[in-house]
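The values are calculated or read from the model by the stated rules, or taken from the named source; none is laboratory data. The model shown is predicted, which means the values in this text are computed figures rather than measured ones. Glycine gets a Cβ as well: all are built from the backbone with ideal geometry, and neighbour counts include every protein chain shown. These area figures cover heavy atoms from the full protein model, side chains too; ligands, DNA and RNA do not enter into them. Shrake-Rupley method; radii C 1.70, N 1.55, O 1.52, S 1.80 Å.
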Amino acid sequence: MPTAYKTSDLYFAAFLRVAGVPFIDVEREGNRAHFLFEDQGPAIMREYRRQYFADEAKVPAQSFGQMIRTMKSLIYSEF
């Protein structure tokens with residue numbers, strides 16, 4: 001199994017999916033959900049994070065909105 005990058009931030013997870021980072025699964029710890037992605041290496045993942053939080057990331061808006069809905073359904077479908 002590839003090394004996993006984990007985030008509990010729904011919107012950042014949706015961004016990573018639309019940006020093309022391979023999605024692995026959702027992991028639950030109590031009431032909290034963590035989204036697992038294939039780790040692209042520390043430098044690349046750090047750059048995704050920097051771009052997202054600096055508001056420099058570019059992804060299609062329609063795809064991002066749809067992915068937020070998809071990720072929400074993943075959270076609530078298995079609780």
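At a glance:
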read-out	value
Criterion (touching a residue at least 24 places away in the same chain (Cβ under 8 Å) and touching a Lys or Arg at 6+ places or on another chain (Cβ under 9 Å)) met by exactly one of 35, 15	35
Qualifying residues in the stretch 52-68 (those that are assigned to a helix (DSSP H, G or I) and touching a helix residue (DSSP H, G or I) at 6+ places or on another chain (Cβ under 9 Å)) - the one farthest from residue 25 (Cα to Cα)	53
Sole exception among (1) surrounded by 14 or more Cβ atoms within 10 Å (Cβ to Cβ); (2) part of a helix (DSSP H, G or I); (3) not basic (Lys, Arg) for residue 43, by number	(1)
Checking residue 28 against (1) open to solvent by less than 50 Å² (accessible area, probe 1.4 Å); (2) touching a residue at least 40 places away in the same chain (Cβ under 8 Å), the condition it does not meet	(1)
Qualifying residue in the stretch 20-32 (condition: assigned to a loop (DSSP other than H, G, I, E, B) and among the β-branched types (Val, Ile, Thr))	yes
Given (1) at pLDDT 95 or above; (2) open to solvent by 60 Å² or more (accessible area, probe 1.4 Å); (3) not in a helix (DSSP H, G or I), index of the condition residue 2 fails	(1)
